[in-house]
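Enquirer: Would you mind keeping the following structure in view while I ask a few things?
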Amino acid sequence: MLSLDLVQTIAFAGIVLFVGYGLCRFIRPLSRYNIPAPVVGGLIVALIILIARHFNFVPFKFDTTLRDPLMIAFFTTIGFGASLSLLKVGGPQVLIFFIIATVAAVFQNVIGALIALPFGLHPLFGVLSGSVTLTGGPATGLAFAPLFEQAGVRGASTIAISAAMFGIICGGLFGGPVGTYLIDRFKLRKPRRQKGEMPEVIAEHVVEDKMPEPKEAAPVGEDQESYVLLKNLVVLLVAMWIGSWLSRGFAAMGFTLPAYIGAMFVAAIIRNFDDVTHWIGLSQRTLDDLGHVALSLFLVLALMTLKLWELAGLVLPLFIVLVGQIILIALFCIWPVFKFMGRDYEAAVMSSGFYGFMMGTTANAMANMKVLVDKYGRAPRAFLVVPMVGAFFIDFTNALLITVCLNILK
């Protein structure tokens, strides 16, 4: 058995991560359905360990000390993205879309719990395969898995990543057809592209265009980019530090919360304070980059240590729960999302994006919408509203919903 220390483990995880990137580049279905590279690489290691275990051999022993700090760092950067000024940029439609997404997350948990009960499973099994992993994605599922394990859901981490992967694939497969159905059913737009015509370029960073990065002079002798990186990294660490105190306070009061909740709320407070005062001069782009690095390494570390053998006997109930989720989100897209977002072409495109991030990730949502606008024409309002809710605001209410379910159903 190869025993790796902290540095060796993180270096190994980095290599596995880039193996995942390589596979996503050369295996087209992986990129077509937006399967994250860390998931691909990490699952390969987990499968190797599963096969080796069958022959009574354990090839690796990892030091996972950095796994939780990396997870907390990622969700802290999500907190920094929850700016009230962004909500104002999107106007009432962002708020309406956000409320619909929150209600859908509630229904995901209710449907999951109700389907789990006839199988004699803990209702939290259904919650874990509901908004935790579908609305939240693999990172949220793995972050909450230890709490679900403590509450009696055996093999929570393996269930979480299985449900998340299923959701990502379905989010990529069905989001486009849902939007196309609405466009054709209500004759909202005819295909605009002729054969051989180049696709329209879509501005996927409307939010960044609306919210320009603050300009700040670096101290004498300091490189501008390294100074901005250092400052935002320090603010990130401070938010994690204060957030750990807040999380311990909640735990002392008897609330079951994931480790990142305190840091995420502290980060949101700092972000909105800086929006008003401009004293800190946060760079959302830099924070997003730091969050992406933390998320990638966290996912690889978490997936390399998955116990895939714990999924035995749970495949059928998990599949039925997830089929129920497919139908549920499709119904939400066809009625409340399409109706309340205007019953027009933009609303149909938003429905496609809604399916993407409520079943998978924001990347699924953007890919679904891009397919439609390439065929039917621009939808700037959809590309403003969907990423705001899918990438930032829904993570807050989803975390609260999951916490409520854990404390009620444990």
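Enquirer: Does segment 341-399 come out rounded, prolate or oblate by the C-alpha gyration tensor, with a ≥ b ≥ c the root eigenvalues, rounded set by a/c under 1.5 and, if not, prolate when a/b is larger than b/c and oblate if not?
Expert: Prolate shape, in that a/c is at least 1.5 and a/b is the bigger ratio.
Enquirer: Divide the volume of the convex hull of the Cα atoms of segment 239-349 by its number of residues and quote the answer in cubic angstrom per residue.
Expert: 224 Å³
Enquirer: Calculate the tail of P(r) for segment 239-288: the fraction of all Cα-Cα distances greater than 19 Å, expressed in %.
Expert: Counting pairs separated by more than 19 Å, the tail of P(r) holds 34 percent.
Enquirer: Do me a favour and compute the ellipsoid semi-axes for the chain from its Cα gyration tensor, root of five times each eigenvalue, largest one first, whole Å. Walk me through the intermediate numbers first.
Expert: Values: eigenvalues 192, 161, 100 Å².
Values for the chain, descending: 31, 28, 22 Å.
Enquirer: Just need the Rg to Rh number for segment 41-142, please, alpha carbons only, Kirkwood Rh.
Expert: Result for segment 41-142 is an Rg/Rh of 1.12.
Enquirer: Still on this structure: Cα centroids of segment 84-162 and segment 383-410: how far apart, whole angstrom?
Expert: That distance is 8 Å.
Enquirer: How about segment 243-318: which trypsin sites (Lys or Arg not before Pro) there lie in a loop by DSSP and see at most 15 other Cβ atoms within 10 Å?
Expert: Hits after loop and neighbour filter: 307.
Enquirer: Taking K and R as +1 and D and E as -1, what net charge do the other residues with C-beta under 13 Å from the C-beta of residue 76 add up to?
Expert: -2
Enquirer: Using bins 5 angstrom wide from zero, how does P(r) for segment 266-409 break down, in % of all Cα pairs?
Expert: Per 5 Å bin, starting at zero, the Cα-Cα P(r) for segment 266-409 comes out as 2, 8, 11, 15, 18, 16, 15, 10, 5, 1, 0, 0 percent.
Enquirer: In whole angstrom, and with the biggest value first, how far do the Cα coordinates of segment 49-88 range along each principal axis?
Expert: 58, 19, 7
Enquirer: Quick check on segment 67-125: what are the equivalent-ellipsoid semi-axes from the Cα gyration tensor, as sqrt(5λ), descending, whole Å?
Expert: After diagonalising the Cα gyration tensor, the semi-axes are 31, 21, 4 Å.
Enquirer: Further, regarding this structure: Would you calculate a helix-derived [θ] at 222 nm for the chain, using -39,500 (n - 2.57) for each DSSP H run of n ≥ 4 and dividing by the full residue count, to the nearest 500? Walk me through the numbers before you get to the answer.
Expert: Details: 18 runs with 284 residues, N = 410.
Value at 222 nm, helices only, nearest 500: -23000 deg cm²/dmol.
Enquirer: Still on this structure, I have one more. Could you calculate, for segment 4-81, the ratio of the Cα radius of gyration to the Kirkwood radius, expressed as Rg to Rh?
Expert: The Rg/Rh ratio comes out at 1.04.
Values quoted throughout were computed directly from the atomic coordinates according to the rules given, and no laboratory measurement underlies them. In this text the structure is predicted, and so the values were computed from the model without any measurement. Note that we place each Cβ from the backbone using ideal geometry, even for glycine, and neighbour counts take in every protein chain shown.
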